[in-house]
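The values are calculated or read from the model by the stated rules, or taken from the named source; none is laboratory data. Everything numeric in this text was worked out from a predicted model, so none of it was measured. Heads up, the Cβs are rebuilt from the backbone with ideal geometry, glycines too, and the neighbour counts pull from every protein chain shown.
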Amino acid sequence: MSVWTKTDFTRRLSIPYPIIQGPFGRGGSSALLAATVSNAGGLGSYGANDQGPAEITKIAADIRKLTDKPFGMNLWVSTYDAGGETLTTETYERVAKLLEPYYTELKVDVPPMPNSKPQNFDDQVAALIEARPAVFSFVFGIPSPEILRTCREKGIVTVGAASTVDEAVACEQAGVDCVAASGFEAGGHRPSFLKPADESLVGTFSLVPQIADKVKIPVIAAGGIADGRGIVAALTLGADAVQIGTAFLACDESGTSDLHRKLLFQEDAKNTGLSRAYTGRLARGIYHRFAAEMKEHEPLFAKYPAHSWIVAPLRAAALAQGRDDLVALWAGQAATLCRHHKAAELFASLIKETDELLKDRFSQPRKR
Ligand SMILES: Cc1cc2nc3c(=O)[nH]c(=O)nc-3n(C[C@H](O)[C@H](O)[C@H](O)COP(=O)(O)O)c2cc1C
């Protein structure tokens, strides 16, 4: 096995390759995808932010039916923003009025006032710890010292997420085992927790070496990596592992919709942007009509997750009608580098490309 695979991260987890399939919340993950990546020698992950304790227990069991290798499970430490845990009639009516033209266009009724609740993080984490995945990764904050201590006692490796150097330092100081440096190229939500997400937009190329210089814990580069070139660059910048999201999301095994998968392979996937339009929290996806039209109305939005409760039926109706202009299509800036439909083939080509690049690095001029 090549020398590049031996990092603090692979040693810590006793896995062959420093490649993580990024967790996807809200149904983007699947047991099959996580198990396929773990079976190939990487670390498969499952994003369970939307699931309650019983579902978390079942997900872990489902993954274990498909692999006996280490895998990760992911939660969101803060499950709501201030004011987003409940919905007032006033906020509901304001957002419903804003969305009414889209509901009318899709020929579905504006949903009645939702009666939803955010997930309870403590309950989720208790189920996750009980399930004992090899890795517990998290975004939007740092779990309590007690949770981190319990993970350590049970041999669960913890992985925090940082969108800035300060967040990475905070993770290390709290006793988190590893940190994912999430560059703003990444698909999905920005994981920021010390400052607002819009004030924490650092690219992977800048973020990874600065975090690697500041912390001693293993650093995982996330955002904009989709092939061997990205892996070599990330390792050169000081990363101990890479976390790849969009390229795995595009594979048949992921939990996303066929429409989403299809669009990730089209030219338009090069146009991504950050928007709060779908959930109330800032996230990167293919930047289309709904995100663009909602931009100027952002001050009217409800907070996370209350905003998503009113938008969710619109997304579902748009998806059912194949309306790619109104459905959330999370994607990172490197989306047009997606080439593989099978996760095992993507994984094999990541290894081959990295091996070849490192072998040829200094012996050949750069290919153009
Ligand atoms: C659809 C989607 C959902 C995601 N959900 C989560 C999540 O729940 N938790 C998390 O830590 N990261 C989440 N991410 C981030 C990925 O795990 C990964 O870090 C990121 O996609 C890497 O950047 P890339 O998309 O450029 O490869 C999500 C990404 C996408 C595309």
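Among the residues of the range 1-36, what is the count of those that are within 15 Å of the ligand (Cβ to nearest atom) and either surrounded by fewer than 23 Cβ atoms within 10 Å (Cβ to Cβ) or more than 21 Å from Leu358 (Cβ to Cβ) (or both)?
The total comes to 12.
Residues in the range 182-237 that are within 12 Å of the ligand (Cβ to nearest atom) and without any contact (Cβ under 8 Å) to a residue 24 or more places away in the chain: how many?
1
Sort out for me the helices (runs of 4 or more DSSP H) sitting completely within the range 247-327 that have 3 or more residues that are under 24 Å from Gln119 (Cβ atoms).
Filter on the range 247-327 gives 306-320.
Which of the residues belonging to the range 300-342 are under 18 Å from the mean Cα position of the chain (by Cα) and either more than 16 Å from the ligand (Cβ to nearest atom) or within 17 Å of Gly230 (Cβ to Cβ) (or both)?
Hits for the range 300-342 are Ala331, Gly332, Gln333, Ala334, Ala335, Thr336, Leu337, Cys338.
One line per residue, one yes/no per condition, for (1) small (Gly, Ala, Ser); (2) surrounded by 19 or more Cβ atoms within 10 Å (Cβ to Cβ):
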site	(1), (2)
Asp198	no, no
Val202	no, yes
Ser206	yes, no
Ile211	no, yes
Ile225	no, yes
Leu237	no, yes
Asp252	no, no
Thr256	no, yes
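Starting from residues that are surrounded by 18 or more Cβ atoms within 10 Å (Cβ to Cβ) and under 11 Å from Ala31 (Cα atoms), keep the ones in the range 49-63 and report whichever is nearest to the ligand (Cβ to nearest atom).
If we take residues in the range 49-63 being surrounded by 18 or more Cβ atoms within 10 Å (Cβ to Cβ) and under 11 Å from Ala31 (Cα atoms), then Ile59 is nearest to the ligand (Cβ to nearest atom).
Is there a residue in the range 174-190 that is assigned to a helix (DSSP H, G or I), more than 19 Å from the chain's Cα centre (by Cα) and modelled with pLDDT of 95 or more? Break it down stepwise before answering.
Residues of the range 174-190 assigned to a helix (DSSP H, G or I): 174.
Remaining after also requiring more than 19 Å from the chain's Cα centre (by Cα): 174.
Remaining after also requiring modelled with pLDDT of 95 or more: 174.
Checking the range 174-190: at least one residue is assigned to a helix (DSSP H, G or I), more than 19 Å from the chain's Cα centre (by Cα) and modelled with pLDDT of 95 or more.
Condition test on Ala306, is it within 20 Å of Pro101 (Cα to Cα), in contact with a Gly (Cβ under 8 Å, 6 or more places away or on another chain) and at pLDDT 95 or above?
Values: within 20 Å of Pro101 (Cα to Cα): yes; in contact with a Gly (Cβ under 8 Å, 6 or more places away or on another chain): yes; at pLDDT 95 or above: yes.
Against the criterion (within 20 Å of Pro101 (Cα to Cα), in contact with a Gly (Cβ under 8 Å, 6 or more places away or on another chain) and at pLDDT 95 or above), Ala306 qualifies.
What's the total number of residues in the range 64-84 that are surrounded by 23 or more Cβ atoms within 10 Å (Cβ to Cβ) and without any contact (Cβ under 8 Å) to a residue 60 or more places away in the chain?
Matching residues across the range 64-84 total 0.
Mind listing whichever residues of the range 216-233 are of a type in the set (Gly, Ala, Ser) and touching a Phe, Trp or Tyr at 6+ places or on another chain (Cβ under 9 Å)?
Gly223, Gly224, Ala233
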